[in-house]
Amino acid sequence: MDLVYFILASYGLTQILVYGKVLNCFRPQKGWLGKLFECPMCIGFWVGVFLFGINGFTELFTFEYNIANLFILGWLSSGTSYVLNMVFGDSGIKISGV
């Protein structure tokens, strides 16, 4: 269950950082940082790293602190955030021209 909670938390935080209207006035618009905040795969990696860093402060998921887990959870967050972003939109499941 730890991985399920981690994936859902990383997807939720990634969606807020990339698309949340409440952050429009704070979200960078230009340069490499602006490009980073447009990409759910890119932000997803850093969200995974952040959640790994704070995992000792939550009971939802617990992972051993080591460099391998840092990268693996960053990659997991990046990949799943991107896939879920491609599957689900504001109106539900995205269906492309069939």
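The values are calculated or read from the model by the stated rules, or taken from the named source; none is laboratory data. Keep in mind the model is a prediction, meaning the values are calculated, not measured. Cβ placement follows ideal geometry from the backbone for every residue including glycine, while neighbour counts extend to all protein chains displayed. Heads up: the accessible areas ignore ligands, DNA and RNA and are worked out on the full protein's heavy atoms, side chains in. Shrake-Rupley method; radii C 1.70, N 1.55, O 1.52, S 1.80 Å.
So, in the stretch 17-36, exactly how many residues are part of a helix (DSSP H, G or I) and either open to solvent by less than 100 Å² (accessible area, probe 1.4 Å) or in contact (Cβ under 8 Å) with a residue 40 or more places away in the chain (or both)? Counting residues in the stretch 17-36 that are part of a helix (DSSP H, G or I) and either open to solvent by less than 100 Å² (accessible area, probe 1.4 Å) or in contact (Cβ under 8 Å) with a residue 40 or more places away in the chain (or both) gives 7. For the stretch 61-81, the condition holds for no residue, the condition being that it is of a type outside the set (K, R), more than 18 Å from the chain's Cα centre (by Cα) and modelled with pLDDT under 95.
In the stretch 37-60, the qualifying residues are those that are closer than 20 Å to V18 by Cα and open to solvent by 50 Å² or more (accessible area, probe 1.4 Å), and the one that is farthest from the chain's Cα centre (by Cα) is E38. Please work out if T80 is outside any helix (DSSP H, G or I) and in contact with a helix residue (DSSP H, G or I) (Cβ under 8 Å, 6 or more places away or on another chain). For T80, the condition - outside any helix (DSSP H, G or I) and in contact with a helix residue (DSSP H, G or I) (Cβ under 8 Å, 6 or more places away or on another chain) - is not met.
Cβ-Cβ distances below 8 Å connect the following pairs, each with a first residue in the stretch 70-98 that is β-branched (V, I, T), a second residue that is not in a strand (DSSP E or B), and a separation of six or more residues or different chains: T80/I7; T80/S10; T80/Y11; T80/G44; V87/K94; I93/V87.
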